[in-house]
Amino acid sequence: MFSLPCDVVAVDNLDVIRMGLTSLQLTHPSVVRRISTFQHAGEIDTDASPPDVVVLDYWLGREDDASIRYITDLKRWSGCVVLYTSEEGPARLRDCIRAGVDGLSLKNDGLTELAQVITEVAGGRPGWSGPLARAVVRDEIVMADLTAEEIKVLNALAGGLTVKEIASHLHKSPGTVGSQIESIRARYVGLTGHRVNRVKMLREGSRDGYIDPPRAKDTGNA
């Protein structure tokens, strides 16, 4: 818990987002007193005096550089971390929640929602912006619940491997791999209510956060 208006450190790699975050001092002065911004979490001097809250983007400039590895240290430093991100993959967002973020504000929900999330966490309550953020946190059915083995198979498919190559790589029989692919497909059919080919399956897996975007390949229509 902390009092308002508060001091904020914000991390986002985009200049335009950092400018918007800085404007919170003017648009929501009752919530934000001062805000300092950084392009990358690695730039922050955690030996300096801590802010009341760190506002952190998920992606740090590249889609293979996620901020989740910084959450523990930043939370130890400031005591409170709010994720402010355009990432909507439920698996990735839930990983951040498990890592200890106190609030989640999606960029599409706007800066006013972020200010409200900061207000909630200041009072010692979890803060979540918008329906999707709340659904992710409450563990509602917004993603396919894949097993660890199915995730391995899905990532191998995204990497362009054939069923035989996946079987060899994961030390399974081709029949087992084929069954797991069909299980994944069935889960997405159940969620979407539509026919799901391999392209759609990989897209949905990427959306859910099971596949890193750079690896997802929209090839084939099996």
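One table, with the values for the structure above:
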| quantity | calculated |
| --- | --- |
| Residues of segment 103-124 classified as in contact (Cβ under 8 Å) with a residue 40 or more places away in the chain and more than 17 Å from Val32 (Cα to Cα), total | 1 |
| Total residues in segment 96-131, condition polar (S, T, N, Q) and assigned to a loop (DSSP other than H, G, I, E, B) | 1 |
| Qualifying residues in segment 156-192 (those that are within 25 Å of the chain's Cα centre (by Cα) and not in a helix (DSSP H, G or I)) - the one nearest to Leu146 (Cα to Cα) | Gly159 |
| Residues of segment 152-177 classified as surrounded by fewer than 19 Cβ atoms within 10 Å (Cβ to Cβ), under 22 Å from Arg207 (Cα atoms) and either in contact (Cβ under 8 Å) with a residue 12 or more places away in the chain or outside the structural domain of Glu204 (by TED's automatic domain parsing) (or both), total | 4 |
| Cys96 in the same structural domain as Val121 (by TED's automatic domain parsing), in contact with a strand residue (DSSP E or B) (Cβ under 8 Å, 6 or more places away or on another chain) and at pLDDT below 90 | yes |
| Residue check for Glu140: under 16 Å from Ala91 (Cβ atoms), surrounded by fewer than 17 Cβ atoms within 10 Å (Cβ to Cβ) and at pLDDT 90 or above | no |
| Which listed residue, of Leu104, Leu21, is outside the structural domain of Asp208 (by TED's automatic domain parsing), modelled with pLDDT of 90 or more and within 27 Å of Leu202 (Cα to Cα) | Leu104 |
| Residue in segment 33-52 that is surrounded by 21 or more Cβ atoms within 10 Å (Cβ to Cβ) and not hydrophobic (A, V, I, L, M, F, W, C) present | yes |
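The values are calculated or read from the model by the stated rules, or taken from the named source; none is laboratory data. Quick caveat, the model's predicted, so the values are computed rather than measured. All Cβ positions, even for glycine, are placed from backbone atoms using ideal geometry, and neighbour counts span all protein chains on display.
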